[in-house]
Amino acid sequence: MANFEVLRYQCGSIGDVLEDQGWIGYLKREGLTSVDLVWEFYAALLDFVDIDAQVWSVIVCGVTFLLSADILARFLGM
């Protein structure tokens, strides 16, 4: 795991850059994470038939949910 405060970029730390962009909250680990679940999610993304579709149907652990660029943008606060 990298120490973002030690890594430098344009007279600042990578941590400063990530903080300025609002990404630190998404990079922190909180609670338990299932590596298998994350792997299955990303593997499911490779199965999209039409990557240009407005909404994608994703199945993870037998549960189907919808995903779109708009949903991701809202989640990321964009």
Item to complete: Collect the residues in segment 58-75 that are touching a strand residue (DSSP E or B) at 6+ places or on another chain (Cβ under 8 Å) and either assigned by TED's automatic domain parsing to the domain that holds residue 26 or farther than 13 Å from residue 41 by Cβ (or both), keeping them in residue-number order.
Response: 66, 68
Practice prompt. Inspect all residues belonging to segment 52-61 and state whether any of them is surrounded by 10 or more Cβ atoms within 10 Å (Cβ to Cβ) and within 14 Å of the chain's Cα centre (by Cα).
Written response: no
Worksheet item: Out of all the residues in segment 46-55, is one or more of a type in the set (A, V, I, L, M) and in contact with a helix residue (DSSP H, G or I) (Cβ under 6 Å, 6 or more places away or on another chain)?
Response: no
Item to complete: Could you tell me whether residue 35 is surrounded by 13 or more Cβ atoms within 10 Å (Cβ to Cβ), at pLDDT 75 or above and of a type outside the set (Asp, Glu)?
Response: no
Item to complete: All but one of (1) more than 26 Å from residue 21 (Cβ to Cβ); (2) loosely packed, with under 10 Cβ neighbours inside 10 Å hold for residue 77, so report the exception by its number.
Response: (1)
Worksheet item: Do any residues in segment 35-59 that are touching a residue at least 24 places away in the same chain (Cβ under 8 Å) have Cβ atoms under 9 Å from those of residues that are surrounded by 11 or more Cβ atoms within 10 Å (Cβ to Cβ) and not in a loop (DSSP other than H, G, I, E, B), where the two are at least six apart or on different chains, and which pairs are they?
Response: 37/60
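The values are calculated or read from the model by the stated rules, or taken from the named source; none is laboratory data. As the structure is a computational prediction, the values presented were derived from the model and not from experiment. Here the Cβ is made from the backbone with ideal geometry for all residues, glycine too, and neighbour counts use every protein chain on show.
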